[in-house]
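Scroll down for the structure; my scribbles are underneath it.
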Amino acid sequence: MTLTRTTQQFDLKINGQTETFFIGYKYYESYQDQGQKGGAYIFRPANDTSKVFSTIKKVYYIDGTQNLVIVLEGTSTLTKVFFSKKARYIERWGIGL
């Protein structure tokens with residue numbers, strides 16, 4: 001197992017295969033002019049440009065025999081990502097939250 005981090009992109013290499021994933025924390029400012037700003041089924045952003053909510057500062061990981069856990073410490077967030085190394089884990093056990 002090899003974990004490579006560049007900015008918000010992560011390359012997880014297991015048994016010769018690489019899986020790439022991105023983790024980013026952004027938000028949009030809401031529309032402030034006249035008219036409907038939002039509601040139960042609508043969000044109207046002020047513009048199409050997102051803003052950074054949190055930047056990842058530190059990455060920790062624990063690589064066990066059955067699981068890989070990655071902890072991402074951000075300026076405003078703390079995220080834990082879990083990977084099971086068991087074959088066909090989701091098909092057999094589902095996703096427990």
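The values are calculated or read from the model by the stated rules, or taken from the named source; none is laboratory data. This is a predicted model, so every value here is computed, not measured. All Cβ positions, even for glycine, are placed from backbone atoms using ideal geometry, and neighbour counts span all protein chains on display.
Being at negative phi, loosely packed, with under 13 Cβ neighbours inside 10 Å, at pLDDT below 85 and more than 20 Å from the chain's Cα centre (by Cα) is true for just one of GLU91, GLU19. Which residue is that? Give the steps one after another, and end with the answer.
Working: GLU19 fails: more than 20 Å from the chain's Cα centre (by Cα).
GLU91 is the lone residue from the list that is at negative phi, loosely packed, with under 13 Cβ neighbours inside 10 Å, at pLDDT below 85 and more than 20 Å from the chain's Cα centre (by Cα).
Restricting to the stretch 55-97, name every residue that is touching an Asp or Glu at 6+ places or on another chain (Cβ under 9 Å) and either without any contact (Cβ under 8 Å) to a residue 12 or more places away in the chain or aliphatic (A, V, I, L, M) (or both).
Passing the criteria: ILE56, VAL59, VAL69.
Against the condition farther than 30 Å from LEU12 by Cβ, modelled with pLDDT of 85 or more and either of a type in the set (Gly, Ala, Ser) or surrounded by 10 or more Cβ atoms within 10 Å (Cβ to Cβ) (or both), how does GLU73 come out, does it pass?
no
Okay, residues lined up against (1) part of a strand (DSSP E or B); (2) out of contact with any strand residue (DSSP E or B) (no Cβ under 6 Å at 6 or more places or on another chain); (3) closer than 18 Å to PHE22 by Cα:
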position	(1), (2), (3)
ASN47	no, yes, no
PHE53	yes, no, yes
TYR61	yes, no, yes
ILE70	yes, no, yes
SER76	no, no, yes
VAL81	yes, no, yes
ALA87	no, yes, no
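Among the residues of the stretch 15-34 satisfying the criterion of being aromatic (Phe, Trp, Tyr) and assigned to a loop (DSSP other than H, G, I, E, B), which is farthest from LYS85 (Cα to Cα)?
Only one residue tops the list, namely TYR31.
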